[in-house]
Amino acid sequence: MLTRRNFLRNTSLATVAAIASANSLFANSALMNKIGIQLFSVPKMLTNNFDGALNMLAEIGFTEIEMYGPYPFSTDNAKKYWNAVTGQLGFDGSGYFGKSESEIIRILNVHGFTVPSMHTDLDTLQNKMGDLADAANKIGAKYVVLPAIPGDKRKTLDDYKKMAVDFNKIGSDAKKYGIRFAYHNHGYGLTVTDGKMPLDLILDGTDPNLVYLEMDLYWTTAGGANPMELLKKHSGRYKMMHIKDMKQKVHFSGDGGEASQWIALFPYMTSAGDGVLDLQNILKTAKDNGMEHFFVEQDMVAEPGIALKKSYNYLKGL
């Protein structure tokens, strides 16, 4: 017989069971339900066999892609710079890799990829925003990202202050076209000079509603900054992250402003989970402070099918 006492007892037990089940689901839920890949991880594969490279990335489990330029619509200056450095890189493919925009979109759709972000260059951001935004909107990219400030525009603290002004203008232009502008930090700008960290000059001098950030975890650490402190201090500004691990904690020989200093640290890059970075706590802090997209980036990694799979599996298991 169902008495009032039994009813209350059964109801209480059911409530406790429901709470326990919900807590269990929360505890076992993945830290990241979607994991992206920055295409600069596999540029040679993309140059030689674009569709085959995307197929490999899809089979690993990646669902988001971040592209890099220059693109067919990029400025002539951007293309000239790229042509000048490709000899050192050992490949020349970028952007649409010789395919039409419609073909790129079709291939991405076939493999189930979305493209939240497109890396580009300062000249294109300042002089071809209309064309860039048109491509981003067709491909579905929410963010257009500057991967690095040209060396001649970051020599002094005043240069960084001027860049903040330029960033606000770029961000305003992007917003008019329905997209967002973000800046990807490299290793420079993290050393305190005359009592100021250059990156802070950019963050303090830009409108949070116009200029967002993408944190490169490896270069932030190599530059001597604390990723978790930056994420908390500038909560809501960082929307994307490049994830790569360090075999051992290393820093630049200088201020991180020269390519030779970056190249010197390439041998210390490793798959996520194989290094010394506290990825679980860093990534949790990132999510708690507004991070939207995570991209594995292992620059021109050897044996990508193995190395990128290791990173994916580690991150999926968090």
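Things worth noting here:
- Hits in the stretch 115-149 - residues which are free of Cβ contacts under 8 Å to residues at least 60 places away in the same chain, in a strand (DSSP E or B) and more than 27 Å from ASP159 (Cβ to Cβ): VAL115
- Selected residue (only one of GLY61, GLY52, GLY69 is surrounded by fewer than 15 Cβ atoms within 10 Å (Cβ to Cβ) and touching a helix residue (DSSP H, G or I) at 6+ places or on another chain (Cβ under 8 Å)): GLY52
- Subset of the stretch 275-310 [touching a helix residue (DSSP H, G or I) at 6+ places or on another chain (Cβ under 7 Å) and part of a loop (DSSP other than H, G, I, E, B)]: LEU277, ASN289, GLU297, GLN298, ASP299, MET300, VAL301
- Checking the stated criteria, ASN109 turns out not to satisfy the condition of being touching a Gly at 6+ places or on another chain (Cβ under 8 Å), surrounded by fewer than 14 Cβ atoms within 10 Å (Cβ to Cβ) and either among the hydrophobic types (A, V, I, L, M, F, W, C) or at pLDDT 95 or above (or both).
- Of the residues making up the stretch 253-274, those that are crowded, with 18+ Cβ neighbours inside 10 Å, assigned to a loop (DSSP other than H, G, I, E, B) and touching a strand residue (DSSP E or B) at 6+ places or on another chain (Cβ under 8 Å) are SER271, ALA272.
- Flag if MET300 is in contact (Cβ under 8 Å) with a residue 12 or more places away in the chain, crowded, with 18+ Cβ neighbours inside 10 Å and under 19 Å from ILE37 (Cβ atoms): no
- Qualifying residues in the stretch 205-229 (those that are part of a helix (DSSP H, G or I) and touching a residue at least 24 places away in the same chain (Cβ under 8 Å)) - the one surrounded by the fewest Cβ atoms within 10 Å (Cβ to Cβ): MET228
- Out of LYS153, LYS128, LYS142, sole residue that is among the charged types (D, E, K, R) and touching a Pro at 6+ places or on another chain (Cβ under 6 Å): LYS142
Table: residues versus (1) small (Gly, Ala, Ser); (2) touching a residue at least 60 places away in the same chain (Cβ under 8 Å); (3) under 30 Å from ASP159 (Cα atoms); (4) exposed (fewer than 14 other Cβ atoms within 10 Å of the Cβ).
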| residue | (1), (2), (3), (4) |
| --- | --- |
| LYS233 | no, no, yes, yes |
| GLY236 | yes, no, yes, yes |
| ASP278 | no, no, no, yes |
| ALA307 | yes, no, no, no |
| SER311 | yes, yes, no, no |
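- Selection from the stretch 157-204 of residues that are of a type in the set (Val, Ile, Thr), in contact with a strand residue (DSSP E or B) (Cβ under 9 Å, 6 or more places away or on another chain) and assigned to a loop (DSSP other than H, G, I, E, B): ILE179
- Figure legend. Inter-residue proximity from the stretch 176-201: first residues at positive phi and without any contact (Cβ under 8 Å) to a residue 24 or more places away in the chain, second residues outside any loop (DSSP other than H, G, I, E, B) and among the basic types (Lys, Arg), beta-carbon distance below 6 Å, spacing 6+ or different chains. No pairs are indicated.
- Hey, VAL115 within 21 Å of the chain's Cα centre (by Cα), surrounded by 11 or more Cβ atoms within 10 Å (Cβ to Cβ) and among the β-branched types (Val, Ile, Thr) or not: yes
The values are calculated or read from the model by the stated rules, or taken from the named source; none is laboratory data. Source: prediction; values computed, not measured. Virtual Cβ from ideal backbone geometry, glycine too; neighbours counted across all protein chains shown.
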